[in-house]
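The values are calculated or read from the model by the stated rules, or taken from the named source; none is laboratory data. Only a predicted model underlies this, so the values are computations on that prediction, with no experimental measurement involved. All Cβ positions, even for glycine, are placed from backbone atoms using ideal geometry, and neighbour counts span all protein chains on display. Please note that ligands, DNA and RNA were not included when accessible areas were found on the heavy atoms of the full protein model with its side chains. Shrake-Rupley method; radii C 1.70, N 1.55, O 1.52, S 1.80 Å.
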Amino acid sequence: MESEKEILLQVRNLTVTYHTRLGLINAVDNVSLDIYRGEILGLVGESGCGKSTLGKALMRMITPPNEIKSGQIIFEGEDIMKYNQRQMRDFRGRMTSMIFQDPMTSLNPVQRVDEHMVEAIQVHEQKMQMEKALERVRTLIGRLGIQERRLNSYPHQLSGGMRQRVMIGLGLLLNAHLIVADEATTSLDVIVEAKLVDQLREIREEFGVTLLMITHNIALVAEAADRLAVMYAGKIVEIGSVFDVFDNPKHPYTRGLLKSVPSIRMDENEELYKMPGEPPNLTFPPTGCRFHPRCPVAMPICSKLEPALQEAAPKHLVHCWLYQDHPLKQEQAVLSEK
Ligand code: SF4
């Protein structure tokens, strides 16, 4: 699907460093990633793997003393790392929009929905008259399935799902090209969550917007996304179409993640698979492949050298020595035969 697609956002060798009491941590470590225009990309991994940090870094929302240490973020051909503060404000409002788990933290509790929406338009189009702005708001909320009477509501009077749709609406009003949704459905009950996921797909179809969905819920991504990127300990370890990654997971970590998802085919007495070990302490990350202390198929090379993120099948990239050659790997294979 993505072969004929245009790249909206390119991330190249991005490293985000946190300054903690225990030392420096690269929460995102040398990550490269392409996001295609109009796709829904799911970004998954255990908590603390760096996925939310990556989402914030894409909008340069990392606050000091933490920092984007190195790398490029190229959006529609421009390196936003070179933008000044004014350009960044415009970029965040007009080109991109971020939705968090609890929209109450982003919505002003004493402002009605219509006030939020009109204000969002007028910040960027100051000359737009109130009536025209309201007309645009009314048209949009209808398409988002929000009743017009809700325009007079305050955020606390809306359901969780409706608040998330208001947040999405704020981005769409400004014609945001990319919406980053960070655990946006986590606080919703499963029925509302499923409905919002359906709506995200409809919104993508109708508005042509690109969505980056950050979640720990791999089953949810299967429903919503076109492609899936899996993160572990600050690295992207696998990325491909949802179909390829679910049907033929290649990285041992992805296989473990998928095995740990409950299935309706399970016996009632069957225990859910639990991946052995814990994610590493990133103050002192393991050498070589960061997954090697937990990997059931680790080889001697895995603790010595880090693999690259390379194609293991067409458009299916994996960060694992199982799919890559190296002289050290062959030497070790010869030694083990002797
Ligand atoms: Fe396992 Fe080695 Fe692949 Fe890492 S590189 S996932 S340790 S096989």
Angle check, please: helix 130-143 long axis (alpha carbons) against the longest principal axis of the chain (alpha carbons), in degrees 0 to 90, nearest 10. 50
For segment 24-106, what is the relative contact order in percent, using Cα pairs closer than 8 Å and at least 6 residues apart in sequence? 18
Is there a pair in Lys5/Lys250; Lys132/Lys195; Lys69/Lys304; Lys69/Lys259; Lys5/Lys259; Lys5/Lys51 whose C-alpha atoms are over 28 Å apart, and which pairs would that be? Lys132/Lys195; Lys69/Lys259; Lys5/Lys259
quick note, the chain, DSSP beta bridge pairs, % antiparallel (nearest 5) is 65
Pick from Arg227, Arg86, Arg201: which residue has the top mean-square fluctuation in a GNM of the chain where Cα pairs under 10 Å get a spring? Arg86
C-alpha center-to-center spacing [segment 267-305, segment 122-148] in angstrom: 50
Any idea of the accessible area per residue across the chain, 1.4 Å probe, to the nearest Å²? 51
Segment 193-266 and segment 60-79: distance between their alpha carbon centers, rounded to Å: 25
From Cα pairs below 8 angstrom and at least 6 apart in sequence, can you work out the relative contact order of the chain, rounded to a whole percent? 19
How large is ³J(HN,Hα) for each residue in segment 246-252, as worked out from phi by the Karplus curve 6.51 cos²θ - 1.76 cosθ + 1.60 (θ = phi - 60°), to whole Hz, x for Gly and Pro? 6, 7, 9, x, 9, 6, x
Largest first and in whole Å, what are the equivalent-ellipsoid semi-axes of segment 170-228 based on the Cα gyration tensor, each being the root of 5 times an eigenvalue? 19, 12, 11
What distance in nm lies between label points placed 7 Å from Cα along the C-beta direction at His216 and Val110? 3.5
Full-extension gain in nm, Ser47 to Met88, via 0.36 nm per residue minus C-alpha separation: 12.0 nm
Carbon plus sulfur fraction of accessible area for the chain, probe 1.4 Å, in percent: 51
Could you work out which residue, out of Leu178, Leu257, Leu24, moves most in a Gaussian network model of the chain, that is, has the largest mean-square fluctuation with Cα springs under 10 Å? Leu24
Helix 113-124 vs. the chain, principal-axis angle (Cα, 0 to 90°, nearest 10): 80
Skipping prolines and chain starts, which residues have an amide H placed within reach, meaning under 5 Å, of the one on Ile62, given they are 5 or more residues away or on another chain? none
If you take the Cα Rg of segment 1-84 and divide it by 2.2 N^0.38 Å, with N the number of residues, what do you get? 1.15
Sequence-distant residues sharing a close amide H with Tyr36 (under 5 Å, placed H): Leu8
I'd like the orientation of helix 160-173 relative to the chain: the angle between its Cα long axis and the longest Cα principal axis, in ° from 0 to 90, rounded to 10. 80
Range in the chain, longest, excluding exposed GluC sites (Glu not before Pro) [loop by DSSP; at most 11 other beta-carbon atoms within 10 Å]: 7-267
Can you check how the C-alpha radius of gyration of the chain compares to 2.2 N^0.38 Å, as a plain ratio? 1.08
Amide H neighbours of Val180 under 5 Å, counting only residues 5+ apart in sequence or on other chains, H built in-plane at 1.01 Å? Ser97, Met98, Ile99, Leu212
Taking segment 88-203, the equivalent ellipsoid from its C-alpha gyration tensor has semi-axes in Å, biggest first, of 21, 16, 13
Ranked by GNM mean-square fluctuation in the chain (Cα springs under 10 Å), the top entry among Pro285, Pro293, Pro314 is Pro314
